[in-house]
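Visitor: Before I ask anything, let me first share the structure, which is written out below as structure tokens.
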Amino acid sequence: MSAVHPATRRLTVRDIQARKGAEPVVCLTAYSTPMARLLDPHVDLLLVGDSLGMVLYGLPTTLGVTLEMMIAHGQAVVRGSTRALVVVDMPFGSVQESPALAFRNAARVLAETGAAAVKIEGGREMAETIAFLAARGVPVMGHVGLRPQMVHAMGGFRAQGRGDAEAEALVEDACAVAEAGAFAMVVEGTVVDVATRVTKTVPVPTIGIGASVACDGQVLVTEDVLGLFPDFTPRFVRRYADLAVPIEDAAAAYAADVRARRFPGPEHIFAAK
């Protein structure tokens, strides 16, 4: 049996855990096979985020995302990647009812997608569920701080950890998630000093999004990075490209050629023998 070339070996949960306090974890979202192929050589972790509800489906929040949607997009990302660890978000309502239901749904996600892990939003209230899954062989990435699935209960999309009480609660959430067995956690929309404290306190890698460079890694929504939402750029996003303009220009040029009957040309058609 031939050895697997190191360049094509898929990263594991243990590889990500070993990055704690060492080499930063690079993470981006992906929802499709073509995007996964483009990102895979450059990232350590591909997150099939429930943000796809807003990015791909035009939903106002992530609350309308279904388990079937996550499975379909998880399958696509796994097919398009060979190196990065693939993590799939558990959508709202799929894990909150009970640990047993959470296990059934998470097991289905792993079995049907081929992903390595799932991500669960929540702090102390989800610790029992995370422990239940971890004990049964389901790797779990946690998610504390700003939690989009709790947007209504949290009073909207606002930075977390402001004020002593909120800061203490956030640190307690992170500790509970780590103690329950999460192999890493996303820390979202959290003020710098609290994100720094969480990173120093928990023994697992923290992956920040709007939580400062103090975290053990970073994640962004790829479409934000590429400038595909030019009307709104979150404060914590650095736009590395502006692809919306060339895409629109290409569509306009195509439409003009069709209307002027310049396309298709002789080189684009099949002639009879």
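The values are calculated or read from the model by the stated rules, or taken from the named source; none is laboratory data. Everything numeric in this text was worked out from a predicted model, so none of it was measured. Here the Cβ positions follow ideal geometry from the backbone for every residue, glycine too, while neighbour counts run over all protein chains shown. Heads up: the accessible areas ignore ligands, DNA and RNA and are worked out on the full protein's heavy atoms, side chains in. Shrake-Rupley method; radii C 1.70, N 1.55, O 1.52, S 1.80 Å.
Visitor: With respect to ALA30, is the statement that it is open to solvent by less than 10 Å² (accessible area, probe 1.4 Å), in contact with a helix residue (DSSP H, G or I) (Cβ under 7 Å, 6 or more places away or on another chain) and within 22 Å of ALA244 (Cα to Cα) true?
Guide: On the way: open to solvent by less than 10 Å² (accessible area, probe 1.4 Å): yes; in contact with a helix residue (DSSP H, G or I) (Cβ under 7 Å, 6 or more places away or on another chain): yes; within 22 Å of ALA244 (Cα to Cα): yes.
Criteria met by ALA30.
Visitor: Sort out which residues of region 86-100 are under 14 Å from GLY114 (Cβ atoms) and in contact with a helix residue (DSSP H, G or I) (Cβ under 6 Å, 6 or more places away or on another chain), and write them in order of number. Outline the logic, then answer.
Guide: First pass over region 86-100, keeping only residues under 14 Å from GLY114 (Cβ atoms): 86-88.
Matches in region 86-100: VAL86, VAL88.
Visitor: A follow-up question, please. How do the helices (runs of 4 or more DSSP H) wholly within region 19-114 filter down when requiring 3 or more residues that are aliphatic (A, V, I, L, M) and modelled with pLDDT of 95 or more: which remain? Walk me through it before giving the result.
Guide: Details: elements: 33-39, 52-55, 67-79, 99-113.
So the answer is 33-39, 67-79, 99-113.
Visitor: Just one of (1) more than 18 Å from ARG124 (Cβ to Cβ); (2) among the small types (Gly, Ala, Ser); (3) loosely packed, with under 15 Cβ neighbours inside 10 Å trips up ALA165, so point out which.
Guide: All conditions pass for ALA165, except number (1).
Visitor: Could you tell me which numbered condition LEU110 fails, if it satisfies all but one of (1) touching a Gly at 6+ places or on another chain (Cβ under 8 Å); (2) open to solvent by less than 40 Å² (accessible area, probe 1.4 Å)?
Guide: LEU110 satisfies all of (1) touching a Gly at 6+ places or on another chain (Cβ under 8 Å); (2) open to solvent by less than 40 Å² (accessible area, probe 1.4 Å) except (1).
Visitor: Let me ask you something else. Hey, does region 165-187 have a residue that's at pLDDT below 95, out of contact with any helix residue (DSSP H, G or I) (no Cβ under 8 Å at 6 or more places or on another chain) and not in a helix (DSSP H, G or I)?
Guide: The answer is no; no qualifying residue exists.
Visitor: Do you know which residues across region 101-115 are in contact with a helix residue (DSSP H, G or I) (Cβ under 8 Å, 6 or more places away or on another chain) and not aromatic (Phe, Trp, Tyr)?
Guide: Filtering region 101-115 for residues in contact with a helix residue (DSSP H, G or I) (Cβ under 8 Å, 6 or more places away or on another chain) gives 102-103, 105-106, 108-109, 112-115.
ALA102, ASN105, ALA106, ARG108, VAL109, GLU112, THR113, GLY114, ALA115 - these are the residues of region 101-115 that are in contact with a helix residue (DSSP H, G or I) (Cβ under 8 Å, 6 or more places away or on another chain) and not aromatic (Phe, Trp, Tyr).
Residues are listed down the side, and each one gets a yes or a no for (1) touching a Leu at 6+ places or on another chain (Cβ under 8 Å); (2) free of Cβ contacts under 8 Å to residues at least 40 places away in the same chain; (3) of a type outside the set (Phe, Trp, Tyr):
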{"residue": "GLY210", "(1), (2), (3)": "yes, no, yes"}
{"residue": "VAL237", "(1), (2), (3)": "yes, yes, yes"}
{"residue": "ALA244", "(1), (2), (3)": "yes, yes, yes"}
{"residue": "TYR254", "(1), (2), (3)": "no, yes, no"}
{"residue": "ASP257", "(1), (2), (3)": "no, yes, yes"}
{"residue": "ARG262", "(1), (2), (3)": "no, yes, yes"}
{"residue": "GLY265", "(1), (2), (3)": "no, yes, yes"}
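Yes/no per residue for (1) outside any helix (DSSP H, G or I); (2) acidic (Asp, Glu); (3) touching a His at 6+ places or on another chain (Cβ under 9 Å):
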| residue | (1), (2), (3) |
| --- | --- |
| THR196 | no, no, no |
| THR199 | no, no, no |
| ALA214 | yes, no, no |
| GLN218 | yes, no, no |
| PHE229 | yes, no, no |
| VAL237 | yes, no, no |
| ASP249 | no, yes, no |
| ALA253 | no, no, no |
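Visitor: Can you work out which of the residues in region 234-266 that are under 30 Å from ILE207 (Cα atoms) and open to solvent by 60 Å² or more (accessible area, probe 1.4 Å) is modelled with the lowest pLDDT? Can you show your working first?
Guide: Taking region 234-266 first, the residues under 30 Å from ILE207 (Cα atoms) are 234-244.
Among the residues that remain, those that are also open to solvent by 60 Å² or more (accessible area, probe 1.4 Å) are: 235-236, 238-240, 242-243.
Details: ARG235: 77, PHE236: 80, ARG238: 88, ARG239: 89, TYR240: 92, ASP242: 92, LEU243: 95.
Selected residue: ARG235.
Visitor: Just to be sure I understand, how many residues within region 91-102 are in contact with a strand residue (DSSP E or B) (Cβ under 9 Å, 6 or more places away or on another chain) and either over 17 Å from GLU128 (Cβ atoms) or touching a residue at least 40 places away in the same chain (Cβ under 8 Å) (or both)?
Guide: Qualifying residue count for the region: 1.
Visitor: Identify, by number, the condition in (1) modelled with pLDDT under 95; (2) open to solvent by less than 10 Å² (accessible area, probe 1.4 Å) that GLY156 doesn't meet.
Guide: Checking GLY156 against (1) modelled with pLDDT under 95; (2) open to solvent by less than 10 Å² (accessible area, probe 1.4 Å), the one that fails is (2).
Visitor: Let me ask another. Could you check region 174-193 and list, in sequence order, the residues that are among the aliphatic types (A, V, I, L, M) and either open to solvent by less than 10 Å² (accessible area, probe 1.4 Å) or in contact with a strand residue (DSSP E or B) (Cβ under 6 Å, 6 or more places away or on another chain) (or both)?
Guide: The answer is ALA174, VAL177, ALA182, ALA184, MET185, VAL186, VAL187.
Visitor: Within region 3-18, is there a residue that is open to solvent by 40 Å² or more (accessible area, probe 1.4 Å), on the phi > 0 side of the Ramachandran plot, part of a loop (DSSP other than H, G, I, E, B) and out of contact with any Lys or Arg (no Cβ under 9 Å at 6 or more places or on another chain)?
Guide: Within region 3-18, none of the residues are open to solvent by 40 Å² or more (accessible area, probe 1.4 Å), on the phi > 0 side of the Ramachandran plot, part of a loop (DSSP other than H, G, I, E, B) and out of contact with any Lys or Arg (no Cβ under 9 Å at 6 or more places or on another chain).
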